[in-house]
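The values are calculated or read from the model by the stated rules, or taken from the named source; none is laboratory data. As the structure is a prediction and not an experimental result, all values here were calculated from the model. Positions of Cβ are generated from backbone atoms using ideal geometry, with glycine treated the same way; all protein chains shown enter the neighbour counts. Protein only, heavy atoms only, side chains kept; ligands, DNA and RNA dropped before computing areas. Shrake-Rupley method; radii C 1.70, N 1.55, O 1.52, S 1.80 Å.
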Amino acid sequence: MSVIVTDAGFAPDDWTTDFVTPDCLAANTGAPVVAVDLASDTDPATLTGLTEGVDMIRIDFPSSADGRGFTLARRLRLSGFVGRLRARGHVLADQYAMARRSGFDEVEITDDLAERQPWEQWKSRADWQLNDYQARVRGTA
């Protein structure tokens, strides 16, 4: 099982549609695709034009030390992706504010991680818009 982390707290996964890989997305012959799984090393340039009609993109975090998923999320948002964006895997509570700032709507973690890092640890980072270093430097915080 997995737990979904949002600014409102822990919740069960409400996504019921299967995820496809970018290869399946590129080979799509008109069948509706609503969810795509991306590896952290995916080149966002390969996704140009392929995310239209996609409702969710889930980006894998194979390690908490692998930050490529944050960059990928940011580039997807800057390229116009407006669907649901989910980080999945080894994302820690300490990284939640960065995940939200880079464009993720939610984080999917294991039940085991949710037990080791309860909602209270995530909640302290859920106020991610107020704790913005750049805003403090600019004097707009």
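For the reader, a short list of remarks on this structure follows.
- Of all residues making up region 89-107, the number that are touching a Phe, Trp or Tyr at 6+ places or on another chain (Cβ under 9 Å), in contact (Cβ under 8 Å) with a residue 40 or more places away in the chain and open to solvent by 10 Å² or more (accessible area, probe 1.4 Å): 1
- Region 1-19: number of residues that are open to solvent by less than 60 Å² (accessible area, probe 1.4 Å), in contact with a helix residue (DSSP H, G or I) (Cβ under 9 Å, 6 or more places away or on another chain) and of a type in the set (A, V, I, L, M, F, W, C): 2
- Candidates are the residues of region 73-88 that are open to solvent by 70 Å² or more (accessible area, probe 1.4 Å) and of a type in the set (D, E, K, R); the one that is nearest to the chain's Cα centre (by Cα) is Arg88.
- The condition (being touching a Pro at 6+ places or on another chain (Cβ under 9 Å), at pLDDT 90 or above and under 26 Å from Thr17 (Cβ atoms)) is satisfied by just one residue among Gly103, Gly53, Gly89: Gly89.
- Helices (runs of 4 or more DSSP H) completely within region 1-115 that count 3 or more residues being more than 21 Å from Arg125 (Cβ to Cβ): 22-26, 68-78
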